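**Student:** First the structure, which I've put down as structure tokens, then a few questions once you've had a look.
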Amino acid sequence: YTKDGKHKVRKFPDGFMFGTSTASYQVEGGWDADGKSENIWDHLTHKDPCAVKDCSNGDIANDSYNQYKRDVEMMREMGLDFYRFSLSWSRLLPTSFPDKINGAGVQYYNNLINEMLKYNIEPMVTIFHWDLPQKLQELGGWTNPHIVDWYADYARVVFELFGDRVKYWITMNEPWVICYQGYGAGVLAPLLEISGMAEYMCAKNLLLAHAKAYHIYDKEFRSQRDGNIFITLNSRFYIPETENDLQTSNDLADFELGTYAHPIFSENGDFPPRLKELVAIKSTEQGFARSRLPEFTTKEIDFVKGTSDFFGLNHYTSSMIYRNESVVGYHKIPSYYDDVQAIIYQPDEWKSAASPWLRVVPLGFYKLLTKIRKDYDNPTVFITENGFSTFGGLEDDDRVSYLRQYLDAMLDAMNEGSDIAAYTIWSLMDNFEWVAGYTERFGIYEVDYESPERTRTPRKSAFVYKETIRSRSLDHHYEPNTTVMTID
Ligand code: GBH
């Protein structure tokens with residue numbers, strides 16, 4: 001043990017899995033290749049070329065649509081156990097519906113999956129990572145209850161196409177981001193700002209869509225490969241500013257993680273009681289005819305409960321939280337943050353990444369994992385994203401330090417009983433970082449956007465991660481030789 005009570009070199013348990021992650025719109029390019037139709041990100045970036053910080057888009061992105069062999073080569077260099085990527089709905093189903101399946105899109109994913117399996121890299125497939133077909137958005141997207149069937153039909157198609165080879169399925173990436181940032185806060189496509197209303201409608205429909213896909217897989221496809229299907233939720237940890245803010249911190253956890261976790265992972269199912277109570281009180285005060293939070297029927301509660309084999313978690317950072325008189329009138333009315341009566345912030349002293357929202361708070365990771373263990377009866381957790389952004393460069397010591405500190409915090413939680421089975425770095429390589437374009441770099445491989453083939457080069461963090469995977473241990477003092485990357 002060292003002075004602070006930590007092993008210098010800490011072992012991961014047998015069978016622990018390591019991976020990296022990307023998402024379709026962020027890496028594929030080929031935005032209109034071979035019959036693909038428009039999704040909400042194509043639509044937004046073409047309609048308003050400077051909707052994104054550097055006036056960029058994902059038209060070509062990393063050109064993974066053509067460079068997938070290089071991508072798999074990088075996975076082999078790392079020695080990854082699995083690679084998490086997502087499917088593009090509008091590439092596979094250009095009409096949005098299963099009346100027409102795009103053969104070229106199917107071929108692309110078959111090529112990628114088969115290339116990975118050739119080298120024993122397990123595909124972990126996210127069915128939906130934000131790139132909704134534009135046509136479905138025009139029909140209301142996630143606020144239209146019909147989307148439960150639209151999504152389930154799409155999910156059935158991908159189970160039929162790839163279910164014989166895919167063992168890990170993720171229905172949705174980060175419902176809170178889809179619903180709040182897309183429909184409430186106007187931060188991500190479709191850039192709607194109908195807070196206090198739209199994100200709650202979205203939440204209900206999304207949960208039912210997820211559950212429907214789960215049941216289809218469970219009944220009709222699971223036996224094909226003895227596979228698994230789960231959902232990935234995102235959450236910060238909220239550190240109460242004073243003891244009086246503990247309730248506030250728990251309230252916001254109920255609003256953010258709980259909106260999606262409670263219906264699926266709690267014993268009783270349904271939205272968290274505190275979320276229902278707070279939105280109902282405000283809605284009455286404000287003169288609405290009913291709560292702005294839609295209700296689940298008893299049948300729906302049962303339909304959603306228990307529909308995730310693992311607890312998928314994306315976690316990057318934490319925030320301080322408080323509630324006092326100043327909160328009253330601070331937020332728009334109605335709105336999500338007015339409903340919860342909370343203000344969050346990150347102190348300047350916390351070390352910052354290139355992304356303004358991302359500060360280094362490893363203790364928050366430990367606390368969040370502990371909270372999940374206690375609140376949801378110690379589910380098996382897959383960390384499906386964790387990572388750090390820079391402005392570029394191969395000597396990414398800040399990322400190395402972030403990854404080591406966060407892995408340490410994760411091991412602390414595991415030592416106390418948290419059942420964590422997998423860890424995933426966001427990202428395998430730099431990519432289109434949504435409204436930040438290519439200005440914030442999350443890759444352990446750097447991507448050269450000036451070169452036609454989007455040349456990928458390993459950063460120092462890639463060498464460190466490779467050694468972590470090889471030795472199945474965390475060594476804070478390992479100094480890699482970063483001259484040549486090999487496949488071992
Ligand atoms: C993940 O979201 C995504 O799954 C992935 O696609 C993305 O590339 C990666 O993180 C890195 O960002 O309104 O101040 O919070 C993580 C959650 C949601 C955090 C959007 C940043 C925008 C700025 N992210 N949010 S803010």
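**Student:** Roughly how many whole Å is it from the C-alpha centroid of the range 409-457 to that of the range 274-321?
**Tutor:** Computed from Cα coordinates, the inter-centre distance equals 30 Å.
**Student:** Taking only protein heavy atoms into account and a 1.4 Å probe, give the accessible area per residue of the range 52-170 in Å².
**Tutor:** Per-residue accessible area for the range 52-170 comes out at 32 Å².
**Student:** Past the 22 Å Cα-Cα mark, which pairs from 276/299; 135/167; 212/305; 135/332? Write down the numbers at each step before the final one.
**Tutor:** Numbers: 276/299 18 Å; 135/167 30 Å; 212/305 11 Å; 135/332 30 Å.
With Cα atoms farther than 22 Å apart: 135/167; 135/332.
**Student:** Sticking with this structure for a sec: With r defined as the distance between the Cβ atoms of residue 101 and residue 351 and R0 fixed at 51 Å, what FRET efficiency is calculated, to the nearest 0.05?
**Tutor:** Between residue 101 and residue 351 the formula returns 0.60.
**Student:** Same structure, new question: Which loop trypsin sites (Lys or Arg not before Pro) in the range 223-306, with loop taken from DSSP, have no more than 14 other Cβ atoms within 10 angstrom of their Cβ?
**Tutor:** Sparse-neighbourhood loop trypsin sites (Lys or Arg not before Pro): 290.
**Student:** Given q = 0.11, 0.13 Å⁻¹, what are the Debye log10 I(q)/I(0) values for the chain, with equal point scatterers placed on the Cα positions and solvent ignored?
**Tutor:** Calculated log10 I(q)/I(0) at the listed q: -0.91, -1.33.
**Student:** Give me the 1.4 Å probe accessible area per residue for the range 313-412, excluding ligands and nucleic acids, in Å².
**Tutor:** On a per-residue basis, 39 Å².
**Student:** If I model a spin label as a point 7 Å beyond the Cα along the Cα-Cβ vector, how far apart are those points for residue 144 and residue 421 in nm?
**Tutor:** Label at residue 144, label at residue 421, 3.6 nm between them.
**Student:** Another question about this same structure. Roughly what would the spin-label model give for residue 111 and residue 333, points 7 Å off Cα along C-beta, in nm?
**Tutor:** The answer from the label model is 5.7 nm.
**Student:** Separate question: For the range 276-412, with all protein chains present and a 1.4 Å probe, just round the carbon and sulfur fraction of the accessible area to a whole percent. Walk me through the numbers before you get to the answer.
**Tutor:** On the way: 3260 of 6080 Å².
C and S atoms contribute 54 percent here.
**Student:** Which of the three applies to the range 259-381, rounded, prolate or oblate, going by the alpha-carbon gyration tensor with a ≥ b ≥ c and a/c under 1.5 meaning rounded?
**Tutor:** Verdict is oblate for the range 259-381.
**Student:** Okay, next question. Given Cβ point charges of +1 (Lys, Arg) and -1 (Asp, Glu) and nothing else, what value in debye, to the nearest 20, does the dipole of the range 193-308 about its Cα centre take?
**Tutor:** With only Lys, Arg, Asp and Glu charged at Cβ, the dipole is about 540 debye.
**Student:** If you bin every alpha carbon distance in the range 190-326 into 10 Å steps from zero, what whole percent lands in each bin?
**Tutor:** Taking every Cα pair in the range 190-326, the percentages come to 11, 34, 36, 15, 4, 0.
**Student:** Shifting gears a bit: Can you compute 3J(HN,Hα) from phi for each residue in the range 324-336, using the Karplus curve 6.51 cos²θ - 1.76 cosθ + 1.60 with θ = phi - 60°, rounded to whole Hz and x for Gly and Pro?
**Tutor:** Going residue by residue, I get 8, 3, 5, 5, 5, x, 7, 9, 4, 10, x, 6, 3 Hz, with x marking Gly and Pro.
**Student:** What is the gain in length, in nm to one decimal, between residue 277 and residue 34 on full extension, counting 0.36 nm per residue of separation less the C-alpha to C-alpha distance?
**Tutor:** Between residue 277 and residue 34, full extension yields an extra 82.5 nm.
**Student:** For residue 69, which lysines qualify as cross-link partners when the Cα separation must be under 20 Å and same-chain residues fewer than eight apart are set aside?
**Tutor:** Straight-line reach from residue 69, under 20 Å: 118, 466.
**Student:** While we're here: When the dipole is taken about the Cα centre of the range 391-463, and only Lys, Arg (+1) and Asp, Glu (-1) are charged at their Cβ, what size is it in debye, to the nearest 20?
**Tutor:** Roughly 160 debye, rounded to the nearest 20.
**Student:** Please state the charge dipole magnitude for the range 353-416, taken about the Cα centre, from unit charges on C-beta atoms (+1 on K and R, -1 on D and E), reported in debye and rounded to the nearest 20. Walk me through the numbers on the way to the answer.
**Tutor:** Numbers: 7 positive and 10 negative charges, 51 e Å.
With only Lys, Arg, Asp and Glu charged at Cβ, the dipole is about 240 debye.
**Student:** Let me ask something else. In whole Hz, what ³J(HN,Hα) sequence does the range 427-440 give by Karplus (6.51, -1.76, 1.60; θ = phi - 60°), x for Gly and Pro?
**Tutor:** With coefficients 6.51, -1.76 and 1.60, one gets 8, 3, 8, 3, 7, 6, 8, 6, 5, 8, x, 9, 7, 10 Hz.
**Student:** Compute the Cα gyration tensor for the range 422-473, then decide on rounded, prolate or oblate, letting a ≥ b ≥ c be the square roots of its eigenvalues: rounded whenever a/c is under 1.5, prolate when a/b is larger than b/c in the other cases, and oblate in all that remain.
**Tutor:** Values: a/c = 3.29, a/b = 1.73, b/c = 1.90.
Oblate is the answer for the range 422-473, as a/c is 1.5 or above yet b/c matches or exceeds a/b.
**Student:** Pulled fully out, how much extra length does the chain show between residue 223 and residue 73, if you take 0.36 nm times their separation in residues and subtract their Cα-Cα distance?
**Tutor:** So the extension gain works out to 51.0 nm.
**Student:** Residues of the range 450-469 with the amide nitrogen closer than 15 Å to a label point 7 Å from the Cα of residue 391, along Cα-to-Cβ, please.
**Tutor:** none
The values are calculated or read from the model by the stated rules, or taken from the named source; none is laboratory data. Values in this document were obtained by computation on a predicted structure and should not be read as measured data. Counting neighbours? That spans all protein chains shown, and the Cβs are built from the backbone with ideal geometry, glycine included. Note: areas computed on protein heavy atoms with side chains; ligands, DNA, RNA excluded. Shrake-Rupley method; radii C 1.70, N 1.55, O 1.52, S 1.80 Å.
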